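Here the structure is laid out as C-alpha cells; the discussion comes afterwards.
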Ligand code: PEP
Ligand code: MN
C-alpha cells in the first residue's frame, strides 16, 4: 500500500512512522511517500490523520504499477521527452563500446546527420569473459562527453558495478543499468538517489515480476525517472542469442506506468535480424528502441556480430519512420 503523507509531516517524524509499519519512504518536494507491504489493504489507524492520499496495490509492483499512476510517467532529459502525453518513440543508437575517439566520431557524425540526439556506448563493459575488451573506462566517458559537447547529444552509458557508479552518474545523461547488473542492489539503491533518468535492462533470466521489482528499488529511493528495457531473455533456443520477449513488453505497457524500451540488437545477436526486429519493436508502440551501430562491425571490440554497419543503419532509419507513423508515433 502506498500512502502520501500530509506535508505537515516533518523530517524528524517520518522514520518513526515508517519503521513500525515496515515501510520504505522517500520525499518529493515537501511531502513524504510511504510504501508499506502490498499485503496491507487499509491505512493503519496510527497513520490515518497524517495521510493525504492512499493507494491499494496487489503485489510488490507498487510505485511502478497502474493502480498508483494510471498514465505512463513522463521522463525527460536533454532534448528528449518520452512517456506521459507524448507519442514519441526515442531512438538510442551507437556502438556497443567506446573504442577510440576516431571510431566514436564517425558514428556520431552519422547519428547527427540522421537527426538522432541520443548516443549510446559503453565505457565500462560487463563482459562475459575477463580476457576480452573490458572498455576504456573513464577515458571512454570523457570521449562521450566530447561528443555531447560537439553534437549536442545526450549520452546513454552503462554502469558496470559499484566502482564506477559515481563516474557514470557524473558523466551520463541517462544511466543504463545492464542486464547483468539488474540485481546489483548497491547500484539500484544509489540510482534511487541520483537525479538522472535510469534505463534499467531486464536480466536475461529474470521474470517480469523480478524485473519490475528491481525498478521499485530505484523508485522507492525517490527517483521517479525510470525506464524499463527488454533486451532478450534466455530460452531453449540457441540459433539466436536471446529471445526478444515482445509479450513481456506488452505486459509492461499494460500493467506498469514506466516507459518501455526495446533492444533488438542484444536480443537477436546477429545483424541480419536487427532491421526486421527493430520495425516490429516500433510497430508495438513502445517508447523507445536501442540499436547498436558501428563503422566496421567485423572488427568491433565487443558485440561484433550484432552491430549494424552505417549503410544498414541508414536504410533501417528510412523504413522506421513510416512504421512509427502507422501506429501514431513519432520517431525522435
Ligand atoms: C549493452 O547495452 O551494450 C549491454 C551490455 O547490454 P545488456 O546489459 O543488455 O547485455
Ligand atoms: Mn552491446
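In this structure, does residue 215 turn out to be within 16 Å of ligand 2 (Cβ to nearest atom) and touching a strand residue (DSSP E or B) at 6+ places or on another chain (Cβ under 7 Å)? Considered against the rule, which asks whether it is within 16 Å of ligand 2 (Cβ to nearest atom) and touching a strand residue (DSSP E or B) at 6+ places or on another chain (Cβ under 7 Å), residue 215 comes out as no.
Here is a check on your reading of the model: is residue 300 touching a strand residue (DSSP E or B) at 6+ places or on another chain (Cβ under 9 Å) and buried (at least 19 other Cβ atoms within 10 Å of the Cβ)?
For residue 300, the condition - touching a strand residue (DSSP E or B) at 6+ places or on another chain (Cβ under 9 Å) and buried (at least 19 other Cβ atoms within 10 Å of the Cβ) - is met.
If only residues of region 218-240 that are buried (at least 24 other Cβ atoms within 10 Å of the Cβ) and within 16 Å of ligand 2 (Cβ to nearest atom) are counted, the one that is nearest to the chain's Cα centre (by Cα) is 229.
Just the residues that are within 13 Å of ligand 1 (Cβ to nearest atom) and free of Cβ contacts under 8 Å to residues at least 40 places away in the same chain, please, taken from region 267-292. Once the filter is applied, which keeps residues that are within 13 Å of ligand 1 (Cβ to nearest atom) and free of Cβ contacts under 8 Å to residues at least 40 places away in the same chain, region 267-292 yields 267, 268, 269. Looking only at residues in region 259-278 that are away from ligand 2 (no atom under 16 Å from the Cβ) and over 21 Å from residue 119 (Cα atoms), the one that is surrounded by the fewest Cβ atoms within 10 Å (Cβ to Cβ) is 272.
Figure legend. Inter-residue proximity from region 295-309: first residues over 17 Å from residue 275 (Cβ atoms) and more than 15 Å from ligand 2 (Cβ to nearest atom), second residues modelled with pLDDT under 95 and not in a loop (DSSP other than H, G, I, E, B), beta-carbon distance below 9 Å, spacing 6+ or different chains. No pairs are indicated. Evaluation of residue 281 against the conditions (1) buried (at least 22 other Cβ atoms within 10 Å of the Cβ); (2) over 21 Å from residue 80 (Cα atoms) shows that the sole unmet condition is (2).
Of all residues in region 193-205, those being touching a strand residue (DSSP E or B) at 6+ places or on another chain (Cβ under 8 Å) and closer than 25 Å to residue 90 by Cα number 9. Taking the stated definitions as given, is residue 243 under 18 Å from the mean Cα position of the chain (by Cα), closer than 19 Å to residue 202 by Cα and more than 16 Å from ligand 2 (Cβ to nearest atom)? Criteria not met by residue 243.
Residue by residue through region 233-266, note down the ones that are within 13 Å of ligand 1 (Cβ to nearest atom) and either without any contact (Cβ under 8 Å) to a residue 40 or more places away in the chain or over 20 Å from residue 127 (Cα atoms) (or both). 233, 234, 242, 244, 245, 261, 262, 264 - these are the residues of region 233-266 that are within 13 Å of ligand 1 (Cβ to nearest atom) and either without any contact (Cβ under 8 Å) to a residue 40 or more places away in the chain or over 20 Å from residue 127 (Cα atoms) (or both).
Among the candidates 136, 182, 147, which residue alone is in contact with a helix residue (DSSP H, G or I) (Cβ under 9 Å, 6 or more places away or on another chain), farther than 27 Å from residue 206 by Cβ, within 15 Å of ligand 1 (Cβ to nearest atom) and touching a residue at least 24 places away in the same chain (Cβ under 8 Å)? Can you show your working first?
On the way: 182 fails: farther than 27 Å from residue 206 by Cβ; 147 fails: within 15 Å of ligand 1 (Cβ to nearest atom).
Exactly one of 136, 182, 147 is in contact with a helix residue (DSSP H, G or I) (Cβ under 9 Å, 6 or more places away or on another chain), farther than 27 Å from residue 206 by Cβ, within 15 Å of ligand 1 (Cβ to nearest atom) and touching a residue at least 24 places away in the same chain (Cβ under 8 Å), namely 136.
The number of residues in region 6-41 that are in a strand (DSSP E or B), out of contact with any strand residue (DSSP E or B) (no Cβ under 8 Å at 6 or more places or on another chain) and over 18 Å from residue 189 (Cα atoms) comes to 0. So in region 196-211, with the set limited to residues that are over 16 Å from residue 259 (Cα atoms) and in contact with a helix residue (DSSP H, G or I) (Cβ under 7 Å, 6 or more places away or on another chain), which one is farthest from ligand 2 (Cβ to nearest atom)? Selected residue: 203. Every test in (1) crowded, with 16+ Cβ neighbours inside 10 Å; (2) within 12 Å of ligand 1 (Cβ to nearest atom) is passed by residue 128 save one, and that test is (1).
Quick one: is residue 177 under 21 Å from residue 92 (Cα atoms), modelled with pLDDT of 95 or more and in contact with a strand residue (DSSP E or B) (Cβ under 6 Å, 6 or more places away or on another chain)? In short, yes. Scanning region 152-168 for residues that are farther than 18 Å from residue 184 by Cα and buried (at least 16 other Cβ atoms within 10 Å of the Cβ) returns 153, 154, 155, 156. Of 63, 3, 47, all but one fail to be assigned to a helix (DSSP H, G or I) and surrounded by 16 or more Cβ atoms within 10 Å (Cβ to Cβ); the exception is 47.
The values are calculated or read from the model by the stated rules, or taken from the named source; none is laboratory data. A quick note: this is a predicted structure, and the numbers were derived from the prediction, not measured. Virtual Cβ from ideal backbone geometry, glycine too; neighbours counted across all protein chains shown.
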